[in-house]
């Protein structure tokens with residue numbers, strides 16, 4: 001296993017993934033370093049990448065008409081940024097900006113999606129992990145909404 005695959009495979013998001021699958025994902029990634037206030041993506045941009053944060057922090061933002069960007073969640077080490085590559089129209093539904101210097105593994109989502117389509121077992125393993133992330137994000141959002149409603153009452 002390559003060094004990058006060993007590091008990526010240790011990320012909580014990918015733990016338990018078959019070594020060959022980790023190696024395959026590693027071949028579709030690169031390690032990057034970004035400064036604070038670097039915009040990863042904006043709403044409606046094509047979703048061609050996703051990231052696993054190695055160090056630092058990213059704020060997910062929703063654009064609220066008449067208000068501007070509103071932070072909806074902050075993500076840190078081990079978190080996945082970018083789920084919109086999973087389904088059409090393959091456009092980001094939120095914005096994302098680094099809030100401090102960040103290191104991450106950046107994945108070529110187009111290649112990952114093609115590999116998932118070519119190998120259903122690999123695709124299932126990858127999609128199950130992303131489904132868990134999406135379910136967690138929905139639960140976090142639900143909790144925030146309930147707290148906001150309770151505070152407004």
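See the values below:
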{"item": "Selection within segment 33-66 - surrounded by 17 or more Cβ atoms within 10 Å (Cβ to Cβ) and over 26 Å from residue 4 (Cα atoms)", "result": "60, 61"}
{"item": "Tabulated pairs, segment 77-88, first over 18 Å from residue 14 (Cα atoms), second in a loop (DSSP other than H, G, I, E, B), C-beta under 7 angstrom, 6+ apart or interchain", "result": "84/47; 84/90; 84/92; 84/93"}
{"item": "All positions within segment 89-122 that are part of a helix (DSSP H, G or I), surrounded by fewer than 17 Cβ atoms within 10 Å (Cβ to Cβ) and without any contact (Cβ under 8 Å) to a residue 12 or more places away in the chain", "result": "114, 117, 118, 120, 121"}
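We did not get these values from a lab; they are worked out from the coordinates using the rules stated. None of these values were measured; they are calculated from a predicted model. Cβ atoms come from the backbone with ideal geometry, glycine included; neighbour counts cover every protein chain shown.
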